[in-house]
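Accompanying notes for the structure given below.
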Amino acid sequence: MSKLRAAADYAVEKIGAVAPAVTAFPVGTKFEKWVYSQDGGWVGGFWPGTLWMAWLHSGDDAFRTQALASARKLAPRQSDTGTHDLGFLFYPSWVTAWRLTGDEAWRTGALRAADSLSRRYNPRGRFIRAWGALDDPKNAGRVIIDTMMNLDLLAFATAQTGDERYLDIAVQHARTAQRVFPRPDGSTPHVYDFDPGSGAPLGPGTVQGYSPTSCWSRGQAWGLYGFTTMYRRTGDGEFLATARRLADYAVAALTPDHVPVWDYRAPQQPHDIKDASAGAIMACGLLDLSAATGRQAYRDVALRLLTALAETCLTRNSARAEAVVARCTRNRPAEDGIENLPSVRRLLPAGGNPARAAAAGCRPGDRPVHGL
């Protein structure tokens, strides 16, 4: 644990050094320097979420001030009905701000975002559309495994308002994903397409994985984490069983260095490009899965993942690097954001304890602090 705490200390030191110069939302790096988005893209909630975790770890109020200022810039996205990623945007930023400050304005904004997300639900296919404006026929039937991580914003909305409609949409989407994504061996594709008019299933696909029959490691991590979270919200044992199937496949696919390859079924694996962000997300999901199942083995793998990230994926050896974690891959098929050692791709939100802050990659979860 001392190694993980040291990694968390390094993360906070790095964040403290770069945060004063950050005026927009970091969405990636190029030549180890941040690339920014003014509206946040799909990762806009991660930077304020990371600042919150830095504040919780260090007690330095500068991080709190920066987190609030960054989160405020997401205000226009509350009404964004053109993306499924409102959970990624508003849970680590606005929901966390409400929980840590008690200011009702943050809660109200998060509920508005949940309402916008609910409008993307297709009742015929019982799924939340991933991409595209509501009136754009392109991608109207496209579902991606990543959406499992955005469902918790809907669960939050039901918990806060008592309106079961939000959680029902989340449950229906999760059941649809549970039906079409997991293969018999527990692996998943990135994409599954439906006929948007009839809701009929069409078949698997991919955008960020190697192929429709491969297994994109970050998507697999989103899935195991998201199904675990849905179990925690509903108590539905089928969601827990699905989370375990996905987790067991991913654990078995790990290489001895415990840093996931970008796609578990890419032709050059296990010697292909790595994705440390997939490892960080997977570790967070496994910690929750261990707590949900009482299985120590999941926790043990999570700690090995975090230790591997601390030992081989931090940017300690680069004076140029502005992010904390290296060896990440954004979109390998598009040759986008493929920066392995010694460079960095992006910083994901931390979950609250030193190990997670070190890995800098967790869900938009429901507790600002989650002990090991």
Quiz item: Which of the residues that make up region 146-176 are in contact with a Leu (Cβ under 7 Å, 6 or more places away or on another chain) and among the aliphatic types (A, V, I, L, M)?
Solution: L153, L154, A155, A157, L167, I169, A170, A174
Exercise. Please find, within region 31-83, the residue that is farthest from C313 (Cα to Cα) out of those that are in contact (Cβ under 8 Å) with a residue 40 or more places away in the chain and either among the β-branched types (V, I, T) or in a strand (DSSP E or B) (or both).
Key: T81
Quiz item: Mind checking whether some residue in region 8-18 is over 18 Å from the mean Cα position of the chain (by Cα), surrounded by 18 or more Cβ atoms within 10 Å (Cβ to Cβ), on the phi < 0 side of the Ramachandran plot and of a type in the set (F, W, Y)?
Solution: no
Self-check item: Evaluation of E32 against (1) modelled with pLDDT of 95 or more; (2) open to solvent by 10 Å² or more (accessible area, probe 1.4 Å) (one fails), failing number
Solution: (1)
Exercise. Tell me, please, whether a residue that is modelled with pLDDT of 95 or more, of a type in the set (A, V, I, L, M, F, W, C), on the phi < 0 side of the Ramachandran plot and not in a loop (DSSP other than H, G, I, E, B) can be found in region 181-189.
Key: no
Quiz item: If A159 satisfies every condition in (1) over 25 Å from P196 (Cβ atoms); (2) in contact (Cβ under 8 Å) with a residue 24 or more places away in the chain; (3) aliphatic (A, V, I, L, M); (4) open to solvent by 10 Å² or more (accessible area, probe 1.4 Å) but one, which is the exception?
Solution: (2)
Exercise. With the condition kept exactly as written, say whether any residue in region 191-199 is of a type in the set (D, E), open to solvent by 50 Å² or more (accessible area, probe 1.4 Å) and outside any loop (DSSP other than H, G, I, E, B).
Key: no
Practice problem: Name every residue in region 234-275 that is at positive phi and open to solvent by 50 Å² or more (accessible area, probe 1.4 Å), in order of residue number. | Solution: G235
Exercise. Would you check which residues across region 23-49 are under 22 Å from N331 (Cα atoms) and of a type in the set (S, T, N, Q) and list them?
Key: T29, S37, Q38
Quiz item: Does T108 qualify as being free of Cβ contacts under 8 Å to residues at least 24 places away in the same chain, part of a helix (DSSP H, G or I), of a type in the set (S, T, Y) and closer than 25 Å to L74 by Cα?
Solution: yes
Quiz item: Looking at region 84-105, which of the residues that are touching a residue at least 60 places away in the same chain (Cβ under 8 Å) and not in a helix (DSSP H, G or I) is farthest from the chain's Cα centre (by Cα)?
Solution: H84
Practice problem: Please work out which residue is farthest from C215 (Cα to Cα), limiting yourself to region 301-321 and to residues that are crowded, with 22+ Cβ neighbours inside 10 Å and either at pLDDT below 85 or not aliphatic (A, V, I, L, M) (or both). | Solution: T315
Quiz item: Do we find a residue being buried (at least 24 other Cβ atoms within 10 Å of the Cβ), hydroxyl-bearing (S, T, Y) and touching a helix residue (DSSP H, G or I) at 6+ places or on another chain (Cβ under 9 Å) anywhere in region 115-125?
Solution: no
Practice problem: Could you check, for region 129-138, whether at least one of its residues is over 30 Å from P212 (Cβ atoms), in contact with a helix residue (DSSP H, G or I) (Cβ under 9 Å, 6 or more places away or on another chain) and of a type in the set (A, V, I, L, M)? | Solution: no
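The values are calculated or read from the model by the stated rules, or taken from the named source; none is laboratory data. The structure displayed is predicted, hence computed values, not measured ones. Neighbour counts run over all protein chains shown; Cβ positions are idealised from the backbone, glycine included. Surface accessibility is based on the protein's heavy atoms, side chains included, excluding ligands, DNA and RNA. Shrake-Rupley method; radii C 1.70, N 1.55, O 1.52, S 1.80 Å.
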